[in-house]
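Structure, as structure tokens:
The values are calculated or read from the model by the stated rules, or taken from the named source; none is laboratory data. Just so it is clear, the model here is predicted, and its values are computed rather than measured. Please note: Cβ atoms are built from the backbone with ideal geometry, for glycine as well, and neighbour counts cover all protein chains shown. Just so you know, the surface numbers come from the protein's heavy atoms only, side chains and all, with ligands and any DNA or RNA stripped out. Shrake-Rupley method; radii C 1.70, N 1.55, O 1.52, S 1.80 Å.
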Amino acid sequence: MGKKIGNAINRIGIPTFAVGALLLVLLIAAGALGQSIPTLISDILKRIGMNGVLVLAMLPAIKSGVGPNFALPIGIEGGLMAMIICMQFDFEGWGLIGAATLLCILFCSILGFLYGKLMNAVKGAEMTIATYSGFSMCAFFNILWLAIPFSNRKMGWMLGNGLRETIDMKKFGAKNIISDFLAFKIGKVTIPVGMILTLALLCFITWLFFQTKTGMAIYAGGQNPRFAEASGLNINRNRIIANVFSTILAGLGIILYSQGYGYTQLYNGPMNMAFPAVAAVLVGGATASKASIPNVLIGVCLFQGLMTTGMPVMNQIFTGTDLSDIMRIIIQNGVILYALTKVKSGGDR
Amino acid sequence: MNDGILEFINVGKEYSGHAVLKGINMDVRPGEIHALIGENGAGKSTLMNILFGMPVIHETGGFTGEVRVGGQNAKIMNPHDAMEQGIGMVHQEFMLIPGFSITENIKINREITRETLMSKFFGQRMELLDHKKMAGDARKALDIMGMDIEEYTKVEGLPVGHMQFVEIAREIDKTGIRFLVFDEPTAVLTESETEHLLDAIRKLAAQGIGIIFISHRLDEIIRVSDRVTILRDGEWVATEETKNITAAEIARLMVGRALTLDRTEGSRQISGEEILRVENLRVNMPGEEVKGVDLSVRKGEILGIGGLAGQGKLGIANGLMGMYPVKGKVTFKGEPLDVANNSETLKKGIAFLSEDRKGVGLLLSSPIDLNIAFSAMEVHGKFIKKVGPLSLTDRKEIRENAEKMAKELDIRCTSVAQNAGALSGGNQQKVCVGRALCLDPDLLLVSEPTRGIDIGAKKLILDLLKSLAEERGMTIVMTSSELAELRSICDRVLIICEGKVAGELSPTDSDEVYGLMMSGVSKEEAMKASGAVQGDSLQKGGAVNG
Ligand SMILES: Nc1ncnc2c1ncn2[C@@H]1O[C@H](COP(=O)(O)OP(=O)(O)OP(=O)(O)O)[C@@H](O)[C@H]1O
Ligand SMILES: [Mg+2]
């Protein structure tokens, strides 16, 4: 009996199981403390929608053998730049989202291509180099935000030049525009249909991509490069394609995230967005060399569920102190750290 | 007395509900060489994995029954427990760390350390590695094997034969070893290397070490073992004193019918047309360097390439497929071929079955059906269905194709959706063969096609190669360490020595001539020494069936 349970846990994966159990405990605690469960669930759903695509961006990178995309900020900056440029030209509402999406794909393709070239040059040390190239890209864009003469008053500081730290999407009629699209309520729970559809669509596209000949080749190259080589595949080219794909998803992910959050966060905002996304996919049962769409979805649900439930529960337990925020940071980083320790590097060789 | 005896008591094992071992009883005495034999997938490696406490066993629900050492339940839960009990294992699939040197691989986890000032205060972890002493020990172990490669060479890129020796050297080097398991150690070795190994095994047994020896080569078992245990489909069939049993009887007990590898003259159509011409081929494959080979292959023939390990015979096919840096002029079907660009090579109709099935041959954590279809899909766009602008993989066709192959090649699996990593070693090899066949090549390069395959399946694969040549007119270049295999189907055999072609022999030449030529004696002298009628064989050259 004990053995059977042990086997089942092994199959689900220990991190997934541990985080799932913690989430369950927190949800029960929230209920017992008199929190509104429907509000909590609405929040969780919204945050899943906001973060899902950023987590999905891990998939192509992992499958291609590059490992989790720690350089997520690169794609995020590409997406932000696309949005800012469209805002500069006063695009609003759906026009803004549409134009930014197109521009984002263009920018992120270029950035992803260059990043892919870099990853091919540093085979074996991808994770570290990726993390630092993400950080460097943030620094570089910080300069751009200040140096490029954007002139739209809605984005600038009250005084002086350069862009604001956070830009209100409401001023461009784009706050919650996707979240509220077709949204409806079941009882008191709000279902953000627009976001869920977007996430589902991108998941489908990703899945479909990995059913194609190219996708299959990328996957084989990630699993066993020598095998792929012997089948006449160009592994470096495939890794670049995967990185471009991942970077584009990161860019689209930040557009989805920003509209849900209501603000575009510039400067150091993107810097630390890679870790939660990496943690989420690992919590979902992926490893550094293997990942699937279910890993992404399970991971984002568990991780965001934990973050969303954790906070109000902590608030209530530690009312009137600063402790709640500290606890939040401890939980968030604790889960990230835990998931990262579970990264098994290398393929099956 | 059961003093120091190793016993398996009623051992059983299931992999996800599928019983692969059923109530096995077996014992090994100190100083005895106990052979274990059975078809591919009979459960030999699984039984040994249980003995060695391998994680695959305990991650998949453990096993039933007991392993006893000296009459007591040994409770082996991991390889470390096994080592504590003095059990060592040479694995069928290598467990070496590529980036480490031979010495480091031999000494891993058992490093010899020297005291330092720091270590006096902080304990053993701060001691320095004694590289000199370690290298000395490694040298000693390598010498027992008669292996003259430098101990500081990196394991990465070593030919498989050498890796096998390193693996064995690591076990030999362990002190306090009481039982040693060899899981198909000779599968990757040539005949003379095998001799070295069998000698080493006898020496070890004479020191009182109990040896379990797994092999598909019956003659070795007869020669080296004291007792033999036969498994069939996870069940114990018999345990016999080797001196009371013959190879034919063992084979019959294993598969339920008698088998031999005799040469039967076929009806091949070998045209005079040259399909492949190789001039001054140089391949920089570590340990199997090719230093200027010229050869010519005619359409429809089966050309054998033989030679000792390390002489470069494996480098030829690997070089032609661009797996290693390569130079030279290659002409295929009258057109020049850029061998460095293997995607072009594959497209033009050359396929390659690598000798390194784990490293090059398989996607271990992908299903069998995908493994079989993969190359044909990427190279020729087979198994693809067009949906609008997308070329999607056709799962159904992939599945059906694999099922057909599994039947043809007798791949023993519960379903073709299983991961290739869950197959027994020999069945993995059959999956690789299946993949090469799906490419439907005009020229098939096969390296060690029957390595690790049981005698039943070996015959099946050799017959298949022969029928491909006879019925489809496929040209085949087969590289093999096994003379019997080369001689059973090839039309002519090139012997490679020191990276060059030493000469060409006919499959009907005597063992002696083969042996002499492989060790570097010129053809004339070899013929003279063996007293063969020289002219006859020379004339026949490559046209035995032509
Ligand atoms: N990890 C695994 N998961 C599921 N099934 C497995 C696994 N490993 C082995 N098997 C199955 O167990 C059976 C016995 O395999 P095993 O490797 O012990 O065979 P073997 O006798 O060593 O064969 P070979 O001569 O080919 O090496 C096979 O049917 C194989 O498919
Ligand atoms: Mg085996």
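Largest first, the residues B:THR475, A:THR287 sort by 1.4 Å accessible area into A:THR287, B:THR475. Basic side chains Lys and Arg get +1 at the Cβ, acidic Asp and Glu get -1 at the Cβ, and with that the dipole of region A:33-159 about its Cα centre reaches some 140 debye. Here the protein assembly as shown is treated with +1 on each Lys and Arg Cβ and -1 on each Asp and Glu Cβ, and its dipole about the Cα centre works out to around 3100 debye. Note on A:LEU323 and A:VAL122: their simple-model spin labels are 4.1 nm apart, each label 7 Å out from Cα toward Cβ.
Order B:100-107, A:138-145, A:163-170 from most to least packed using the mean count of other Cβ atoms within 10 Å. The partial results should precede the final answer.
On the way: B:100-107: 23.0, A:138-145: 15.8, A:163-170: 17.5.
Per-residue mean Cβ counts within 10 Å order the peptides as B:100-107, A:163-170, A:138-145.
Ligands, DNA and RNA are left out, and with a 1.4 angstrom probe the accessible area of the protein assembly as shown is 42 Å² per residue. Of A:LEU266, A:LEU80, A:LEU118, the residue with the greatest mean-square motion in the GNM of chain A, using alpha carbon springs below 10 Å, is A:LEU118. Along the positive direction of the dipole of chain A (beta-carbon charges: Lys, Arg +1; Asp, Glu -1; about the Cα centre), which of A:ALA291, A:GLY112, A:GLY162 reaches farthest? It is A:ALA291, whose Cα lies furthest towards the positive end.
Give the average, rounded to an integer, of partner chain Cβ atoms located within 10 angstrom of each Cβ in B:346-356.
Numbers: counts 4, 1, 0, 0, 0, 1, 3, 1, 3, 0, 2.
Across the residues of B:346-356, the mean count of other-chain Cβ atoms within 10 Å is 1.
Counting heavy atoms of the protein chains alone, B:GLU156 has an accessible area of about 110 Å² for a 1.4 Å probe.
Two-decimal Rg/Rh of region A:1-141 from alpha-carbon positions, Kirkwood Rh? Each step should come with its number before you reach the end.
On the way: Rg = 20.3 Å, Rh = 18.5 Å.
With Rh from the inverse mean 1/r over Cα pairs, Rg/Rh is 1.10.
For A:ARG153, B:ARG202, write out the residues from largest to smallest accessible area, computed with a 1.4 angstrom probe and no ligands counted.
Details: A:ARG153 150, B:ARG202 90 Å².
So, going from the largest accessible area down, we get A:ARG153, B:ARG202.
Give the Kirkwood hydrodynamic radius (Å, one decimal) of region B:408-472, defined as one over the mean of 1/r across all pairs of different Cα atoms. This gives a value of 12.4 Å. Considering helices alone, the calculated mean residue ellipticity of the protein assembly as shown at 222 nm is -15500 deg cm²/dmol, with DSSP H runs of length four and up weighted by -39500 (n - 2.57) and normalised per residue.
Quick check on packing: order B:294-306, B:368-380 by the mean number of other C-beta atoms within 10 Å, highest mean leading. Don't skip to the answer; put the middle values down first.
Values: B:294-306: 21.5, B:368-380: 25.0.
Most protected by this proxy first, the peptides run B:368-380, B:294-306.
Computed over chain B, relative contact order equals 15 percent, with contacts defined as Cα pairs under 8 Å that lie 6+ residues apart.
Surface calculation, 1.4 Å probe, protein heavy atoms: B:ILE149 sits at approximately 30 Å² accessible.
Take every pair of alpha-carbon atoms less than 8 Å apart whose residues are at least six positions apart; their mean separation over the length of chain A yields a relative contact order of 32 percent. With a 10 Å cut-off around each Cβ of A:204-211, the average count of Cβ atoms from other chains is 2. Share of carbon and sulfur in the accessible area of region B:406-509 stands at 46%, probe radius 1.4 Å. For region A:246-313, the spherically averaged projection of the C-alpha convex hull amounts to 5.3 nm².
The modelled label-to-label distance for the pair B:GLU397/B:HIS380, using points 7 Å beyond Cα in the direction of Cβ, is 1.1 nm. Using equal-weight Cα scatterers in the Debye expression, the normalised intensity of chain A in log10 at q = 0.11 Å⁻¹ is -0.75.
Placing +1 on the Cβ of every Lys and Arg and -1 on the Cβ of every Asp and Glu, with no other charges, gives chain A a dipole of roughly 800 debye about its Cα centre. Calculated on the alpha-carbon coordinates, the convex hull of the protein assembly as shown measures out at 211 cubic angstrom per residue. Partner shielding of A:123-135 amounts to 0, given as the average count of beta-carbon atoms from other chains within 10 Å of each residue beta-carbon. Placing unit charges on each Cβ (+1 for Lys and Arg, -1 for Asp and Glu) gives region B:274-511 a dipole about its Cα centre, and among B:LEU445, B:ILE368, B:ILE305 the Cα reaching farthest toward its positive end belongs to B:ILE368. Per residue in region B:364-381, which ones lose no less than 30 Å² of accessible surface when going from chain alone to all protein chains (1.4 Å probe)? By number: B:LEU364, B:SER365, B:PHE374, B:GLU378. Solvent exposure of B:MET77, expressed as accessible area, is near 110 Å², computed with a probe of 1.4 Å over the protein chains only. Mean-square fluctuations from a GNM of chain A, with a 10 angstrom spring cutoff on Cα atoms, peak among A:GLY156, A:GLY187, A:GLY285 at A:GLY187.
Site pair B:THR153 and A:LEU182 shows an inter-label distance of 6.4 nm when each label is modelled 7 Å from Cα along Cα→Cβ.
For B:SER215, B:SER519, write out the residues from largest to smallest accessible area, computed with a 1.4 angstrom probe and no ligands counted.
Numbers: B:SER215 0, B:SER519 80 Å².
Output order, biggest surface exposure first: B:SER519, B:SER215.
Would region B:274-511 count as rounded, prolate or oblate if I go by the C-alpha gyration tensor, calling it rounded below 1.5 in a/c and otherwise prolate when a/b exceeds b/c, oblate otherwise? Prolate shape, in that a/c is at least 1.5 and a/b is the bigger ratio.
What helices does chain A hold that run 20 Å or longer along their axis, going by alpha-carbon atoms, with a Kyte-Doolittle average of -1.0 or more, using DSSP H for the helix calls?
Numbers: long enough: A:14-32 (27 Å, 2.37); A:37-56 (27 Å, 1.21); A:72-88 (24 Å, 1.52); A:93-121 (41 Å, 1.55); A:126-147 (31 Å, 1.10); A:193-209 (24 Å, 2.43); A:235-261 (38 Å, 0.74); A:293-317 (36 Å, 1.15); A:323-341 (26 Å, 1.24).
Result, helices passing both filters: A:14-32, A:37-56, A:72-88, A:93-121, A:126-147, A:193-209, A:235-261, A:293-317, A:323-341.
Rounded to the nearest 0.05, what FRET efficiency do A:ASN161 and A:TRP94 give with R0 = 30 Å and r taken as the Cβ-Cβ distance? Could you check?
Details: r = 30 Å, r/R0 = 1.01.
The pair A:ASN161/A:TRP94 has a calculated efficiency of 0.50.
Ranking A:PHE91, A:ASN236, A:VAL25 by how far each Cα lies toward the positive end of the dipole of chain A (charges on Cβ) leaves A:ASN236 at the top.
Among B:57-65, B:166-174, sorting by the average number of other beta carbon atoms lying within 10 angstrom of each residue, highest first, gives B:166-174, B:57-65. Taking both sides together, the accessible area buried where A meets B is about 2400 Å² for a 1.4 Å probe.
Shown for chain B is the translational diffusion coefficient from the Stokes-Einstein equation, using the Kirkwood radius over Cα pairs, a temperature of 25 °C and a viscosity of 0.890 mPa s: 99 µm²/s.
Given a 1.4 Å probe and every protein chain left where it sits, what share in percent of the accessible area of chain A is carbon and sulfur?
Details: 10190 of 15060 Å².
Percent of accessible area from carbon and sulfur atoms in chain A: 68.
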